[in-house]
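Written out below as structure tokens is the structure these notes cover.
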Amino acid sequence: MHAAALAVLRSASGRLLPLLESARIAVEEVTRAERGSPQAPRRACRAGCSSCCYLAVSITPAEAMMIASGLRRQRSPDELAVVRQRIHATAARVSHLPIEQRALARVPCALLGPDGACTIHAFRPLGCRGWTSFDAKACETALNDDRPGHDGPQDALLYATAGAASDGLNAALREAGAPAGNCEFHAAVLVALAALETEPPHRSGASAENAPTSEWAASALPAAFAACPRVTSERLRSG
Ligand code: SF4
């Protein structure tokens with residue numbers, strides 16, 4: 001996954017396409033585990049079950065661009081303006097909170113639908129794909145107890161694959177000089193939406209050897225994503 005993402009980041013020209021392609025490779029990896037895990041039948045996760053959508057989510061810049069691009073495809077300009085405002089309002093409330101406070105705040109993800117289903121399910125973050133539960137009640141109880149997530153069993157293969165895919169993607173992004181890091185979901189999607197408005201058209205014929213690196217170096221994108229809040233933990237900080 002890491003090698004494939006790095007190859008694409010180094011060889012494709014333009015800033016948008018390599019990010020989207022590297023995210024697609026990571027999503028494919030996790031989708032394979034999602035479908036092939038022997039623990040899949042034990043998962044209790046269903047559309048409309050949304051306790052985990054009140055928790056902190058961190059994403060890579062490549063995923064943020066994938067989500068922003070998907071939103072632009074999926075929504076009309078008016079709908080996009082509404083959802084962007086919702087993401088902005090949610091970011092203001094939660095993007096700076098450590099994961100424990102995020103759970104306490106009881107603020108749903110801005111992209112959770114009124115029916116309790118994810119409105120970007122097809123292109124949701126790696127972290128959302130990897131976090132599962134064998135017991136929906138345990139998730140609900142954890143949320144009601146103000147805990148950031150259940151501590152019961154879940155699909156260990158899927159969880160590990162999503163974590164490894166995210167780490168591999170971030171490593172590839174860093175090595176390619178592209179924007180990297182674990183950014184708070186809402187803040188990162190806002191950066192990505194703004195970037196897509198100003199992204200120059202794709203240029204073909206750039207040198208495969210050095211074009212991507214020099215393009216990233218000349219881009220404001222790495223700094224914009226670096227300024228996004230990171231998801232932190234009070235427990236880990238004090239422990
Ligand atoms: S992106 Fe979708 S799955 Fe992830 S927290 Fe938001 S609504 Fe839930």
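Judged by the gyration tensor of its Cα atoms, with axes a ≥ b ≥ c, the range 1-143 is oblate; a/c meets the 1.5 cut and b/c is at least as large as a/b. Highest mobility in the GNM of the chain, judged by mean-square fluctuation with C-alpha springs under 10 Å and restricted to Glu63, Glu79, Glu21, is found for Glu79. Relative to the current alpha-carbon distance between Ser13 and Ala47, full extension at 0.36 nm per residue lengthens the span by 8.5 nm.
When the Gaussian network model of the chain links Cα atoms closer than 10 Å, the mean-square fluctuations of Arg15, Arg129, Arg35 top out at Arg35. Extension gain for the segment Leu157 to Glu79, taken as residue separation times 0.36 nm less the Cα-Cα distance, is 24.4 nm to one decimal. Most fluctuating residue of Ala26, Ala122, Ala165 in a GNM of the chain with Cα springs under 10 Å: which is it? Judging by the Gaussian network model, the answer is Ala122.
By the count of other C-beta atoms within 10 Å, a proxy for reagent exposure, His150, His88 are ordered fewest to most as His88, His150. Calculated [222 nm] ellipticity per residue, helices only, for the chain: -17500 deg cm²/dmol; basis is -39500 (n - 2.57) per DSSP H run with n ≥ 4, divided by all residues, nearest 500. Could you compute the FRET efficiency for Ala226 and His88, with r as their C-beta to C-beta distance and R0 at 25 Å, rounded to 0.05? After rounding, the FRET efficiency stands at 0.80. What distance in nm lies between label points placed 7 Å from Cα along the C-beta direction at Ala218 and Ala4? Between Ala218 and Ala4, the label points sit 3.1 nm apart. Per-residue extension of 0.36 nm, minus the Cα-Cα distance of His96 and Ala194, leaves a gain of 33.3 nm for this segment. Rounded to the nearest 20 debye, the dipole size of the chain about its Cα centre is 200 debye, using +1 on the Cβ of Lys and Arg and -1 on the Cβ of Asp and Glu. Report the one residue of Cys118, Ser95, Val30 whose Cα lies farthest in the direction of the positive end of the charge dipole of the chain (charges on C-beta: Lys and Arg +1, Asp and Glu -1; origin at the Cα centre). Value: Cys118.
In terms of the Cα gyration tensor, with a ≥ b ≥ c the square roots of its eigenvalues, is the range 68-178 rounded because a/c is under 1.5, prolate because a/b exceeds b/c, or oblate? The shape class here is oblate. Phi-derived couplings, Karplus 6.51 cos²θ - 1.76 cosθ + 1.60 at θ = phi - 60°, listed residue by residue for the range 13-30: 9, x, 9, 7, 4, x, 5, 5, 5, 5, 5, 4, 4, 5, 5, 4, 4, 6 Hz, with x used for Gly and Pro. The overall shape of the range 1-81 is oblate: from the C-alpha gyration tensor, with semi-axes ordered a ≥ b ≥ c, the ratio a/c is 1.5 or greater and a/b is no larger than b/c.
We did not get these values from a lab; they are worked out from the coordinates using the rules stated. If you're wondering where the values come from, they're calculated on a predicted model, not measured in any experiment. FYI the Cβ positions are ideal-geometry reconstructions off the backbone, even for glycines, and counts take in every protein chain you see.
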